[in-house]
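Colleague: Handing you this structure, nothing more for now.
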Amino acid sequence: MLLSRGPLPQGASANRAARQPACSRWPCTPLFERRDTCRRLLLTAANTAGPAGATADLREGLADDGGDAHAPAVDPDPDPNAAAGPGPGSLGLRAAGLPAALPPLRNRDGPLPPGLYVIPTPIGNLGDITLRAASTLARVSLLLAEDTRHTRKLLNHLGISHVELLSCHEHNEKQRLARVLQRIQGGEPVGLVSDAGMPGISDPGSVVVAAAVAAGCPVTVLPGPCALVAALVGSGLPTEAFTFAGFLPAKSGARRLALERLASVPGTLVLYSPPHGLAATLREAAAVLGGGRRCCVARELSKLHEEFFRSTLDGALREFGEGGAREARGEIVLLIEGTGGGADGGGGASGARGDPAAVERVLRELIAAGTPVSSAVKEVVADLGANRKAAYALALRISTELELGA
């Protein structure tokens with residue numbers, strides 16, 4: 001969540017402001033507010049104290065910090081009679097009780113060239129919006145949104161109220177193409193967002209991007225939040241190669257067929273799943289791919305209750321399946337080990353049961369993730385058919401190795 005700062009202390013002098021940087025007094029302020037606030041206070045100090053030469057050097061140094069040369073952060077000679085008030089896109093300076101020394105977001109970096117701008121948005125934590133995404137959102141003339149009500153909340157949070165919004169979702173994406181291309185070819189910058197994450201990744205957007213490319217329009221894709229990447233890196237499964245299959249079909253027969261086609265894929269499988277469909281997906285994945293394959297259920301990424309549940313498909317089924325330990329909730333990414341390093345390399349339900357290498361690999365993964373030794377042993381005995389006594393001895397050895405290594 002982006003936090004706003006409080007007002008300046010009463011009677012604070014320019015010298016005191018110069019001695020105490022703004023970022024020390026408002027530690028919870030977002031980076032793109034803190035930087036400009038520090039620069040503004042330093043320029044204020046330079047205008048009111050010190051020799052003229054030092055003031056000029058300070059202004060020059062602050063202006064040359066890698067920002068856009070067309071948009072200085074602060075007017076070094078502000079008009080004392082100018083009306084105060086930040087206006088739209090000021091990121092809440094008026095509400096914070098600070099003077100309106102900063103220009104609105106849309107004026108800070110100059111106008112955008114015409115083209116389509118694909119803008120990723122936070123997947124749960126508004127603090128994950130990037131500086132570039134916030135600036136671009138403020139400078140497009142038209143913004144295509146999967147749900148305009150949802151996107152309006154984000155814009156309001158950023159203090160952006162002047163941008164024209166147009167709905168663009170799976171049911172009307174093709175109908176929007178002519179209008180969108182006309183605006184771009186007419187010289188306007190057009191933005192594209194989905195409700196969360198990167199547009200076009202299991203979300204609307206790919207049709208618009210393809211049409212813009214075919215029409216010869218510039219397409220700029222901003223990097224940013226994407227659930228599949230965050231889940232893959234945090235899963236502990238191999239990341240050298242992976243296959244993203246998005247949402248599997250809702251019907252059981254089609255879903256099973258899709259899993260059969262993915263059974264021989266060597267890299268990590270990355271799937272999206274609604275919470276109400278996770279149990280069925282786990283059940284069929286265990287039957288088709290083998291219950292001994294390692295997997296990770298990543299849920300509520302970047303939110304308060306974020307979780308990486310690391311186990312095998314059988315273990316995840318006991319946790320989240322029908323009649324399992326708990327009900328799945330939130331947005332879910334399901335990651336399954338591929339055949340290249342799988343505990344069930346043959347892709348069948350019994351392909352690696354009792355395999356010592358698979359038992360050791362799963363035990364090491366579970367114990368490293370914090371699973372108690374007894375629980376880890378129970379899991380490999382149930383999922384892989386391991387000998388209980390041998391698995392317990394192995395688990396104790398692995399636990400000791402990990403403790404010594406730490």
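Colleague: Could you tell me how many of the residues in segment 96-152 are part of a helix (DSSP H, G or I) and either modelled with pLDDT under 90 or closer than 17 Å to Leu165 by Cβ (or both)?
Modeller: So the first thing to find is which residues in segment 96-152 are part of a helix (DSSP H, G or I), and the list is 96, 105-108, 126-128, 131-139, 148-152.
Now narrow it down to the ones that are either modelled with pLDDT under 90 or closer than 17 Å to Leu165 by Cβ (or both): 96, 105-108, 133-134, 136-139, 148-152.
Going through segment 96-152 one residue at a time, the tally reaches 16.
Here is a yes/no grid of residues against (1) closer than 11 Å to Gly330 by Cβ; (2) surrounded by fewer than 20 Cβ atoms within 10 Å (Cβ to Cβ):
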| position | (1), (2) |
| --- | --- |
| Glu260 | no, yes |
| Gly267 | no, yes |
| Ser273 | yes, no |
| Gly290 | no, no |
| Arg293 | no, no |
| Cys296 | no, no |
| Leu304 | yes, yes |
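The values are calculated or read from the model by the stated rules, or taken from the named source; none is laboratory data. Because the structure is predicted, anything quoted here is derived from the model rather than measured. Please note: Cβ atoms are built from the backbone with ideal geometry, for glycine as well, and neighbour counts cover all protein chains shown.
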